[in-house]
Amino acid sequence: MSNLNLKGSWNELKGKLKQQYGNLTDDDLTYNEGKDDELLGNLQRKLGKTKEQLENTLSEMLSPKKNEEKADA
């Protein structure tokens, strides 16, 4: 998942990240188009996760099926 393709759903994803990781600020979550790697690097430093872990977390948050399953639980 080298290109996150976040542009369309970034505001929704940003809200989910702030809920899950309360220590993230708006500055931490500033997304500039074409700078996915920079964003991931900033999140890696802030959260102490690997790039792969973050990519998996973001994919899960964007996955409608997983979100529906969580809502049904």
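The values are calculated or read from the model by the stated rules, or taken from the named source; none is laboratory data. Just so it is clear, the model here is predicted, and its values are computed rather than measured. Virtual Cβ from ideal backbone geometry, glycine too; neighbours counted across all protein chains shown.
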Please specify each residue of region 7-41 satisfying the condition of being over 18 Å from Glu55 (Cβ atoms) and part of a helix (DSSP H, G or I).
Asn11, Gly15, Lys18, Gln19
Selection from region 17-40 of residues that are modelled with pLDDT under 90 and under 15 Å from Asn56 (Cα atoms)
Asp36, Asp37, Leu39, Leu40
Residue list for region 43-73, filter: over 10 Å from the mean Cα position of the chain (by Cα), surrounded by 12 or more Cβ atoms within 10 Å (Cβ to Cβ) and either at pLDDT 90 or above or acidic (Asp, Glu) (or both):
Gln44, Lys46, Leu47, Lys49, Gln53
